[in-house]
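Following: one structure in structure tokens, then a few remarks.
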Amino acid sequence: MNIIVTDLEWNQATPGVTENVPLIPFEIIEIGAVRYGEGGTLISEFSELVKPSVYKKMHNYTSKLVHLQMEELEKGDPFEEVAVKFFEWCGEDPVFATWGPGDVAVLQQNLRYFGLPLINPGPVAFIDVQKLYTIVTAGDVKKKSSLEHAVDHYGIEKDIPFHRAFGDAYYTAAVLKKVLEINPDVIKFVSYDTTFPPLDKAHEIKEQFPTYEKYITRVFEDREKVFKDRGVLDTSCYECGKRTKRKIKWFSAGERKSYCLCECEKHGLIKGRIVLHPSDDPSGFYVVKTLRFVDESDAAAVVKKYNKLRDYRKHRTQAKSDERFFRGIK
């Protein structure tokens with residue numbers, strides 16, 4: 001596997017500037033990467049500054065975090081040249097590894113803005129080292145840690161600065177090496193960047209991981225079509241493929257999220273979660289659905305969420321009914 005551990009630094013519009021922000025919210029100003037070889041050896045490295053062409057004033061937050069000034073960036077090459085050089089260095093079929101999910105999305109957005117070929121026209125599979133680290137150390141992907149925390153946790157020597165692209169790529173690779181030494185199978189927990197969702201039904205992604213199943217759909221024209229689609233609503237057991245018994249049907253918990261609770265006779269309770277994401281088309285949506293086996297405690301949390309929502313809606317309906325009644329007797 002050709003693993004390219006990558007880190008990007010980027011700038012953003014200064015306060016009051018709105019032009020180009022929807023198309024390129026962050027402009028890449030530095031690319032750093034290391035090639036991760038067999039046995040965890042670092043066999044090649046890449047480090048380039050990018051001359052800004054969109055946001056030519058440094059945002060205060062960027063300047064404080066990255067410790068770069070515009071005078072330094074002016075010495076770099078335009079993004080189009082650096083990107084071509086970077087992908088030539090990456091070689092064939094690169095698998096990108098990053099600390100957290102943001103870098104791949106920003107890279108895709110910059111490639112689109114500057115008219116360069118995308119990594120992939122749909123979702124991009126990548127290795128989120130932050131997620132793998134938390135799985136190995138905490139068993140809970142919600143407990144995010146900083147890169148420096150992980151470096152300290154493993155006692156990795158801090159001999160180059162943080163918050164520069166090459167340095168963070170170097171440390172991310174070192175943490176990935178430690179993680180895979182502890183649990184090589186954790187590499188199976190691949191992540192997907194959905195800056196560009198699947199092009200059509202044939203390119204939808206349904207993948208089973210050791211502890212859950214993920215389904216990423218094509219774009220639907222509106223919400224109504226989302227919740228009429230059998231694939232979206234399906235809760236078949238991802239271990240045996242058999243139909244499950246619905247204990248709590250799909251219910252909305254806000255504008256974007258829906259949940260359900262079902263049970264497989266053989267494998268137990270399954271929690272379903274649907275998250276709606278807007279597409280580039282303002283009226284369109286795609287779905288990321290996960291099905292995950294849960295214990296009684298996690299199932300009870302879904303039931304509590306459902307009951308709370310049901311009681312709220314019942315109270316709201318009653319309040320509206322009372323209001324109409326009192327208006328009628330005035």
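The values are calculated or read from the model by the stated rules, or taken from the named source; none is laboratory data. Note that the structure is predicted; figures quoted are calculated from it, not measured. Note that we place each Cβ from the backbone using ideal geometry, even for glycine, and neighbour counts take in every protein chain shown.
Take Phe87 and decide whether it is assigned to a helix (DSSP H, G or I) and either of a type in the set (A, V, I, L, M, F, W, C) or under 14 Å from Glu30 (Cα atoms) (or both). So Phe87 fits the description; yes. The test for being loosely packed, with under 15 Cβ neighbours inside 10 Å and touching a residue at least 40 places away in the same chain (Cβ under 8 Å) does not hold for Thr235. Could you tell me whether Asn120 is in the same structural domain as Asp152 (by TED's automatic domain parsing) and more than 30 Å from Tyr212 (Cα to Cα)? In short, no.
The residue of the range 74-92 that is surrounded by the fewest Cβ atoms within 10 Å (Cβ to Cβ), among those that are under 15 Å from Thr6 (Cβ atoms) and either among the β-branched types (Val, Ile, Thr) or out of contact with any helix residue (DSSP H, G or I) (no Cβ under 8 Å at 6 or more places or on another chain) (or both), is Glu88. If you scan the range 79-134, which residues turn out to be touching an Asp or Glu at 6+ places or on another chain (Cβ under 7 Å), among the β-branched types (Val, Ile, Thr) and in contact (Cβ under 8 Å) with a residue 60 or more places away in the chain? Listed by number, the residues that qualify are Thr98, Val104, Val124.
For the range 172-216, give me each residue that is assigned to a helix (DSSP H, G or I), of a type in the set (D, E, K, R) and under 24 Å from Thr137 (Cβ atoms). Scanning the range 172-216 gives Lys177, Lys178, Glu181, Asp185, Lys188. Selection within the range 257-284: residues that are among the polar types (S, T, N, Q) and part of a loop (DSSP other than H, G, I, E, B). The member of this set that is surrounded by the fewest Cβ atoms within 10 Å (Cβ to Cβ) is Ser283.
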